[in-house]
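These notes are about the structure you will find just below.
The values are calculated or read from the model by the stated rules, or taken from the named source; none is laboratory data. Everything numeric in this text was worked out from a predicted model, so none of it was measured. FYI the Cβ positions are ideal-geometry reconstructions off the backbone, even for glycines, and counts take in every protein chain you see. Protein only, heavy atoms only, side chains kept; ligands, DNA and RNA dropped before computing areas. Shrake-Rupley method; radii C 1.70, N 1.55, O 1.52, S 1.80 Å.
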Amino acid sequence: MIKVEQTAKTVDEAIEIVLSQYNVTRDDIKVTVVDEGKKGFLGIGTKEAKIIVEIKEESEKKQERALEVVKSVVEKMGLNAEIDIKEEDGTLFVNIESPDVGVVIGRRGETLDSLQYLTGLVVNKDSAQWTRVILDASGYRKRREESLVDLAKKKAQRVKHTKRKLSLEPMNPQERRIIHTALQDDPQVTTFSEGEEPYRRVVIALKK
């Protein structure tokens, strides 16, 4: 948060000066009026208005946007939920906690993925620098990752046993990446993706 002290003939004029100088909107600032100023008579006793303006930094604005869109969607679903947001290394991590978290997750995480995509678009609207958004619900992402790693290893063992390549179910790019990473150090098998979105899938095959 950046703090700026500004004076002008009126409070509104002081605010406009700050908005112009820092190229921000009213939604990006918090204004505290220190002195509303005084017009005086024939210029005598005139006193300028004085304000302190707190300007939200880019990361703060993006966190607020993320909270706003996720909260709005969750409320429209009719759910009671707690939403936690934190930023690490330029990535926004948003977690939803709710007794009805399954509704937010959806089938194989499809609802969660859609909300994550929507949140990313809103967060990065009119932004020069893209911020990645990871949306989770009660630790679902971690559980799903562990499940996919286990699946990858089991299917790799089957490929080694049958000597035949094997195609997994269609997955989104993030889940396919987990499969590739889980088997990248296996000396006997290789992985690649084939097909078109949203039916693109990972294929596990023996190395030649």
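The table that follows gives values for the structure above.
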{"read-out": "Gyration tensor (alpha-carbon) shape descriptor, the chain, a/c threshold 1.5", "value": "prolate"}
{"read-out": "Å² per residue, accessible surface of segment 74-208 at 1.4 Å", "value": "63 Å²"}
{"read-out": "Label-point separation in nm, Lys38 to Lys9, each point 7 Å along Cα→Cβ", "value": "1.9 nm"}
{"read-out": "Cα-based Rg / Dmax (Å) for segment 118-160", "value": "16.6, 50"}
{"read-out": "Using θ = phi - 60° and Karplus 6.51 cos²θ - 1.76 cosθ + 1.60, couplings along segment 88-96 (whole Hz; Gly, Pro as x)", "value": "9, 6, x, 10, 8, 9, 10, 10, 10"}
{"read-out": "Reachable lysines, given that their alpha-carbon falls under 30 Å from the alpha-carbon of Lys38 and they are not under 8 places away in the same chain", "value": "Lys3, Lys9, Lys30, Lys47, Lys50, Lys56"}
{"read-out": "Distance between segment 1-29 and segment 164-208 - C-alpha centres, whole angstrom", "value": "53 Å"}
{"read-out": "Carbon/sulfur fraction of accessible area - the chain, other protein chains in place, 1.4 Å, %", "value": "48 percent"}
{"read-out": "FRET efficiency estimate (nearest 0.05) - Cβ-Cβ, Gln184 to Asp126, R0 35 angstrom", "value": "0.40"}
